[in-house]
């Protein structure tokens, strides 16, 4: 077996929706105002770009001390996307 088992290729639209849902769930669990969380997904330069918007009062919670929470969210996002040989980018917007 060369290179080990490979995962079946997923539809990019389904993959983007799954990544979007994942980020939305993580963000809603972190913030004080879950109704203020919006997530958009777009395909750019062969990567899934996830744009996360939260209320201005919750930005600090999503970014975390020294960016640790944002880094952890990006790590999870990259790991999930890598299973399908994809790139994912998380942008946190106010």
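The values are calculated or read from the model by the stated rules, or taken from the named source; none is laboratory data. Here the structure is a predicted model, which is why all the values come from computation and not from measurement. Here Cβ is always computed from backbone atoms with ideal geometry, including for glycine, and neighbour counts include all displayed protein chains.
State whether the residues of segment 54-70 include one that is surrounded by 12 or more Cβ atoms within 10 Å (Cβ to Cβ) and within 8 Å of the chain's Cα centre (by Cα). There is no residue in segment 54-70 that is surrounded by 12 or more Cβ atoms within 10 Å (Cβ to Cβ) and within 8 Å of the chain's Cα centre (by Cα). Scanning segment 28-80 for residues that are in contact (Cβ under 8 Å) with a residue 40 or more places away in the chain and under 13 Å from residue 94 (Cβ atoms) turns up 51, 52, 53, 54. Of the residues examined, residue 90 is not one that is without any contact (Cβ under 8 Å) to a residue 60 or more places away in the chain, within 14 Å of residue 18 (Cα to Cα) and within 12 Å of the chain's Cα centre (by Cα).
Is it the case that some residue within segment 6-23 is at pLDDT 95 or above, surrounded by fewer than 17 Cβ atoms within 10 Å (Cβ to Cβ) and in contact with a strand residue (DSSP E or B) (Cβ under 6 Å, 6 or more places away or on another chain)? No, segment 6-23 contains no residue that is at pLDDT 95 or above, surrounded by fewer than 17 Cβ atoms within 10 Å (Cβ to Cβ) and in contact with a strand residue (DSSP E or B) (Cβ under 6 Å, 6 or more places away or on another chain). Per the conditions (1) within 10 Å of the chain's Cα centre (by Cα); (2) surrounded by fewer than 16 Cβ atoms within 10 Å (Cβ to Cβ), the sole criterion not satisfied by residue 46 is (1).
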